[in-house]
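First the structure, in the form of structure tokens, and then the observations on it.
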Amino acid sequence: MKLLRHPLVLGGIMAALALSAHVQTAQAQVMDRILRDKSIKVGFIPAPPGVVKDPASGELGGYYVDGLRYIFSTIGVEPEFVETTWANFAAGLQSGQFDLSMAGTFATIQRAAAVEFTKPIHYLGYSAIVKKDDDRFGTLADFNKEGVKIAVVQGGAAQEYVRENFPAATIVALSTGNLTAPFIEVSSGRADVGIEDAWQARRYASVQPGVTDLFQDNPYNLLPIAWSVKRGNQDLLNFMNTSIDFMLLTGRWERMAHDYGMTGRFYDRPNLQPFGMVTEDAAAKE
């Protein structure tokens, strides 16, 4: 007991308590500031149907946008939207450019080292687009060959997947936020394979008769899709997780998604198909 009264020991204890209090205060400051200022900065990436940006007016729509606006309207907070990219959204959170990333992001190990993910909003797999007359590809193993060019969005989870699983192929990394860009590379002949999420692949193939969606009936590498916050912002993360549960359990997000051509259901476990077919109306809007 006398040891605890030693000045050095007491000083160390007080320093540890002060650091703990500082960390807790820093964590609470984010949500406190949002509630005080009644404003939150939200990073977004245009990616239908979650985020749809009108090219003429810049106005945002999509079921992510509608859902987020609903969540924060219930507490009197106005979102301020900041456009970012798949390669830069983590840096935007870390630098304080925005508080929350609304990008529908595949939650991967590499990304989890840079940001903290919310609970999954839904699950989504990958697919691949190739030209209809290209009979070289039937399975994933066919991609892992020298001379095969695979187009992906730079900074996207598909790039990580291709680098790990198809090391013999050549990666064509596209610096863009347009998730259909890899498929356009295939249509134009600049790439042999375009890889992105299964919903984007299905949507693209539905309006481009010259290509095939190879895995439309059985998307591979099913992963959680989530939003993210800066590491350590636990109070904002807790709020978002509670809000996501509310939106899913009450069916609000499902109803909002239906307005943008989504069919099927949102699921809270990964062994179920998350989305149905792309509707003709949704394809026509693109």
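Here segment 126-213 carries DSSP beta bridges of which approximately 50% are antiparallel, counting only pairs with both residues inside. Run the reach check for residue 131 against aspartates and glutamates, Cα to Cα strictly under 14 Å, same-chain hits fewer than 8 apart removed. What comes back? Counting by Cα, and skipping residues close in sequence, residue 131 has these aspartates and glutamates nearby: 185, 192, 213. Assign one of three labels to segment 126-213, namely rounded, prolate or oblate, based on the Cα gyration tensor with a ≥ b ≥ c the square roots of its eigenvalues; rounded applies when a/c is under 1.5, prolate when it is not and a/b is larger than b/c, and oblate otherwise. Judged from the Cα gyration tensor, segment 126-213 comes out oblate (a/c at least 1.5, b/c at or above a/b). Indicate, rounded to the nearest 5 percent, the antiparallel portion of the DSSP beta bridges found entirely in segment 60-219. Taking every DSSP beta bridge with both residues in segment 60-219, the antiparallel ones total about 50 percent. In a DSSP loop and with at most 13 other Cβ atoms within 10 Å, the trypsin sites (Lys or Arg not before Pro) in segment 87-141 are 132, 136. Contact order for segment 126-213, expressed relative to its length and based on alpha carbon pairs under 8 Å spaced 6+ residues apart, stands at 41 percent.
Quick note: the coordinates plus some simple rules give every number you see, no bench work behind them. Keep in mind it's a predicted model, so treat the numbers as computed, not measured. Positions of Cβ are backbone-derived with ideal geometry, glycine not excepted, and every protein chain shown enters the neighbour counts.
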